[in-house]
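Structure first, then comments.
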Amino acid sequence: MADTLLLVGRAHTREVAQRHAARLRDRDVADEVVVETYERGPSELDAEGDDSTYVVPMAVAPDRDTARGIPGALPAARHCEPVGTSPAVTRALGERAAEAAPADEATSLALVAFGDTSREGHRRATEGHAARLRERAGYGEVTTAYLLQNPAAECVRYNLTGERAVVVPFFLAPCEETERALPEKLELDRGGIDYADPLGAHKAVTDAIEAELAKARAMGSGTASVRPVAADGSGQ
């Protein structure tokens, strides 16, 4: 039976999702690879899906959209974890950091995410990547911070201990937060912090999407991989 891989995310992820979709088509991972986005909420989705449709949320962490909104809009489809939860994304974050500031013991690395410590999905995903980067990346220090609450992005500059610092925004695609809000909170215009690109079209993110598809096929169930979480539905 023909199957479809459907990448679903907010409007600002469309260009990045299209680049991953093109790569996945080249890899021939499914009979069809489609991208659908929404502006305000998943109820806007125009897509249809049955049990041959595998949905991968183009988001960095579980939230109300990924756990409830998207499955609610596509109830017959098979739903995967958000792409940003995959261990493969750790490699992308590490390489984004190294592009801005090569790893060494004198350099501190901070991952800065949209959520805060009250957003369990964002916290769990961010801390998981940070723990793996501490083991693998070669930076003297790896910390986490958040756009909204403690540990706050505004404090990153003052909390890092290395001679040099690099910040990686844990966001899937460029957006208002990565282009304006975080640079302002980090006071990048003062210098002293190297600022990396968000995940974007990194090939490890493509690998993560493919891995989520393979996991869902192996599980053979519709929504078993989706864990409901409490969130405010911002979907970053």
Self-check item: All positions within segment 1-53 that are assigned to a helix (DSSP H, G or I), polar (S, T, N, Q) and more than 17 Å from the chain's Cα centre (by Cα)
Solution: SER43
Quiz prompt | Residue list for segment 55-72, restricted to those being at pLDDT 95 or above, within 19 Å of LEU213 (Cβ to Cβ) and surrounded by fewer than 24 Cβ atoms within 10 Å (Cβ to Cβ) | solution = PRO71
Quiz item: Does segment 77-95 include one or more residues that are aliphatic (A, V, I, L, M) and within 24 Å of GLU44 (Cα to Cα)?
Solution: yes
Practice problem: Please specify each residue of segment 29-52 satisfying the condition of being closer than 17 Å to ALA17 by Cα and among the hydroxyl-bearing types (Ser, Thr, Tyr). | Solution: THR37, TYR38
Exercise. Scan segment 73-89 for residues that are surrounded by fewer than 21 Cβ atoms within 10 Å (Cβ to Cβ) and among the polar types (S, T, N, Q) and jot them down.
Key: none
Practice problem: Report yes if ASP65 is out of contact with any Asp or Glu (no Cβ under 7 Å at 6 or more places or on another chain), under 25 Å from THR144 (Cα atoms), outside the structural domain of THR126 (by TED's automatic domain parsing) and charged (D, E, K, R), otherwise no. | Solution: yes
Quiz item: Checking THR178 against (1) farther than 20 Å from GLU127 by Cα; (2) in a helix (DSSP H, G or I), which single condition isn't satisfied?
Solution: (1)
Quiz item: Restricting attention to segment 131-146, which residues are crowded, with 16+ Cβ neighbours inside 10 Å and either out of contact with any Pro (no Cβ under 9 Å at 6 or more places or on another chain) or not assigned by TED's automatic domain parsing to the domain that holds SER108 (or both)?
Solution: LEU133, ALA137, TYR139, GLY140, GLU141, VAL142, TYR146
Quiz prompt | Given (1) under 23 Å from LYS203 (Cα atoms); (2) among the aliphatic types (A, V, I, L, M); (3) surrounded by fewer than 23 Cβ atoms within 10 Å (Cβ to Cβ), number of the condition VAL8 does not satisfy | solution = (3)
Practice problem: Among the candidates LEU109, LEU133, single out the residue that is more than 16 Å from ILE193 (Cα to Cα) and outside any loop (DSSP other than H, G, I, E, B). | Solution: LEU133
Exercise. Could you please find all residues in segment 165-187 being surrounded by 17 or more Cβ atoms within 10 Å (Cβ to Cβ) and out of contact with any Gly (no Cβ under 8 Å at 6 or more places or on another chain)?
Key: VAL166, VAL167, VAL168, PRO169, PHE171, CYS175, GLU177, THR178, LEU182, PRO183, LYS185, LEU186
Exercise. Go through segment 193-236 and give me each residue that's assigned to a loop (DSSP other than H, G, I, E, B) and at pLDDT 95 or above.
Key: ILE193, ALA196, ASP197, PRO198, LEU199, GLY200, ALA201, HIS202
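Every residue, every condition in (1) of a type in the set (A, V, I, L, M, F, W, C); (2) at negative phi, yes or no:
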{"site": "LEU6", "(1), (2)": "yes, yes"}
{"site": "ARG10", "(1), (2)": "no, yes"}
{"site": "ARG14", "(1), (2)": "no, yes"}
{"site": "HIS20", "(1), (2)": "no, yes"}
{"site": "ASP28", "(1), (2)": "no, no"}
Quiz item: Any idea which residue in segment 147-164 is surrounded by the most Cβ atoms within 10 Å (Cβ to Cβ), counting only those that are among the polar types (S, T, N, Q) and assigned to a loop (DSSP other than H, G, I, E, B)?
Solution: GLN149
Quiz item: For residues in segment 65-91 being assigned to a helix (DSSP H, G or I), more than 10 Å from the chain's Cα centre (by Cα) and of a type in the set (A, V, I, L, M), which is nearest to TYR139 (Cα to Cα)?
Solution: ALA88
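The values are calculated or read from the model by the stated rules, or taken from the named source; none is laboratory data. Predicted model only: the values in this text are computed from it and were never measured. Counting neighbours? That spans all protein chains shown, and the Cβs are built from the backbone with ideal geometry, glycine included.
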